[in-house]
Amino acid sequence: MSRREPIVIDFNDFRHRDFGSQEVVLLAIDDLVHTPESGQEIANGGVFTAAAFKDLSAELLHQFEPTIVVSPVMAKGFDCKDLAEKLVRLGYAGMYRAFADHFPRPAMIEREVADAFPDLDFAIVTAESGSQRASKAS
């Protein structure tokens, strides 16, 4: 079985949004997570929490109140559209970013997710782009 390289998240990627005085709370969802390590402080300010897709619940979202949710575009047990659907069903309407080293035509997936879940602030971030595309942009 091949091992996936970890995704490095730089909070500066998210500073384009004005979080004001609100602390950035990042919730990472990935089925490779076995033991969530909640409340870890991370570089550039903020808090990191991780959970497996199967453990994502309304209670978890209420407990941590994430300002941003991140995940791989495709994971072993889910993809970004599955997670977007679950987040919306659980009442989350904040920022969700899916990451991939290389992903062909991310704008196509962004449009598909935006059409299905228009209240979710979703974008795919790739190594090639080095930037985010807002799915709600015209």
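Structural remarks
- Those residues of the range 37-56 which are hydroxyl-bearing (S, T, Y) and either at pLDDT 80 or above or exposed (fewer than 12 other Cβ atoms within 10 Å of the Cβ) (or both), in sequence order: T49
- For the range 98-124, the set of residues classified as in contact (Cβ under 8 Å) with a residue 40 or more places away in the chain and among the hydrophobic types (A, V, I, L, M, F, W, C) consists of F99, F122, I124, listed by residue number.
- The range 82-92: number of residues that are surrounded by 13 or more Cβ atoms within 10 Å (Cβ to Cβ) and more than 11 Å from the chain's Cα centre (by Cα): 6
- The helices (runs of 4 or more DSSP H) located wholly in the range 57-138 that include 1 or more residues which are more than 22 Å from V24 (Cα to Cα) and modelled with pLDDT under 95 occupy 106-116.
The values are calculated or read from the model by the stated rules, or taken from the named source; none is laboratory data. This one's a predicted model, so the numbers in the text were calculated from it and none came from an experiment. Every residue, glycine among them, receives a Cβ derived from its backbone with ideal geometry; neighbour counts consider all protein chains shown.
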